[in-house]
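Visitor: Below is the structure I would like to discuss, written out as structure tokens.
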Amino acid sequence: MKKYIKKILIIGNHGVGKTSLATRYVENKFSDAYLTTIGVNIMKKNLILNDNGNVAAVALMLWDIEGANKNQNIPLHYAKGCNAFVVVMDVTRQETLDNLQQHLDYIYNFNADTPFIVALNKSDLPSAITLDHAALKRKYHNCVDIIATSAKEDENVERLFTKITKSTIW
Ligand SMILES: Nc1nc2c(ncn2[C@@H]2O[C@H](COP(=O)(O)OP(=O)(O)OP(=O)(O)O)[C@@H](O)[C@H]2O)c(=O)[nH]1
Ligand SMILES: [Mg+2]
């Protein structure tokens, strides 16, 4: 079995659920309390991936970065050696989507070919945003998918991280 080490950065505005998605995926836990991340929190998970008869063992490093609202910049060196990105939006707050371009620019400035996946998080709550999925995929060849997730109700969290990790291998 082939073995890989992969680094994935989780980016997005404050409070969109970056830490909650990573914690749900790695520890299968969720808390309603909001403890903002300062700097970066690194979580690790070992996984076995299957794809059409191919099998891979992945040591995944999830870099859960502090939020960046409008005009706040995340240091580019956090992305050093990064294989993929998860960009998280909060479907209850339009401003988190208004800021999508800023997060995509961050990826572009790092490397325009690095794959990313968009999580439309808090899908357990009523959505207040509209996003043209097809237009985003047309504009960015490195957009792997756009997935509605809920860290709270454990909806699509595994699918989100599995899909973006697979895109770094096959
Ligand atoms: N209803 C609901 N609440 C969520 C979900 N995910 C996160 N939350 C809540 O949203 C708040 C912020 O979640 P965090 O995971 O801390 O957000 P973050 O993006 O890491 O925030 P920063 O570290 O400040 O950038 C917390 O109160 C969470 O409980 C979800 O899927 N559904
Ligand atoms: Mg956080």
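Every number here is computed from the coordinates shown, using simple stated rules; none is lab data. Everything numeric in this text was worked out from a predicted model, so none of it was measured. Here Cβ is always computed from backbone atoms with ideal geometry, including for glycine, and neighbour counts include all displayed protein chains.
Visitor: Going through the cross-link list 44/166; 7/122; 29/163; 3/45; 45/137, which pairs have a Cα-Cα distance over 18 Å in this structure?
Guide: Cα-Cα > 18 Å for 7/122; 29/163; 45/137; rest within.
Visitor: Just the number, please: percent antiparallel of the DSSP beta bridges in region 46-170, rounded to the nearest 5.
Guide: Around 40 percent of the beta bridges assigned by DSSP in region 46-170 are antiparallel ones.
Visitor: Considering the options 112, 127, 55, tell which one lies farthest towards the positive end of the dipole of the chain, charges being +1 on Lys and Arg and -1 on Asp and Glu at the Cβ, about the Cα centre.
Guide: 55
Visitor: Taking R0 as 25 Å, what's the FRET efficiency between residue 113 and residue 14 from their Cβ-Cβ distance, rounded to 0.05?
Guide: The pair residue 113/residue 14 has a calculated efficiency of 0.35.
Visitor: Here is a further query. Looking at region 88-163, which GluC sites (Glu not before Pro) are in a loop (DSSP not H, G, I, E or B) and have at most 15 other Cβ atoms within 10 Å?
Guide: 153
Visitor: Length gain on complete extension for the stretch residue 52 to residue 132, per 0.36 nm per residue less the alpha carbon to alpha carbon distance?
Guide: Length gained, residue 52 through residue 132: 25.8 nm.
Visitor: Can you tell me the relative contact order of region 2-167? Whole percent, Cα pairs under 8 Å, sequence separation 6 or more.
Guide: 26
Visitor: Using a basic spin-label model with each label point 7 Å from the Cα along Cα→Cβ, how many nm lie between residue 73 and residue 41?
Guide: 2.6
Visitor: Label residue 101 and residue 4 with points 7 Å out from Cα along Cα→Cβ: what is the distance between them in nm?
Guide: Simple spin-label model gives 3.2 nm for this pair.
Visitor: Shifting gears a bit: Quick one: what Rg and Dmax do you get for region 24-127 from the alpha carbons, in Å?
Guide: 15.2, 45
Visitor: Helix-only mean residue ellipticity at 222 nm, the chain, DSSP H runs n ≥ 4 weighted -39,500 (n - 2.57), per residue, nearest 500. What is it?
Guide: It lands at -7000 deg cm²/dmol.
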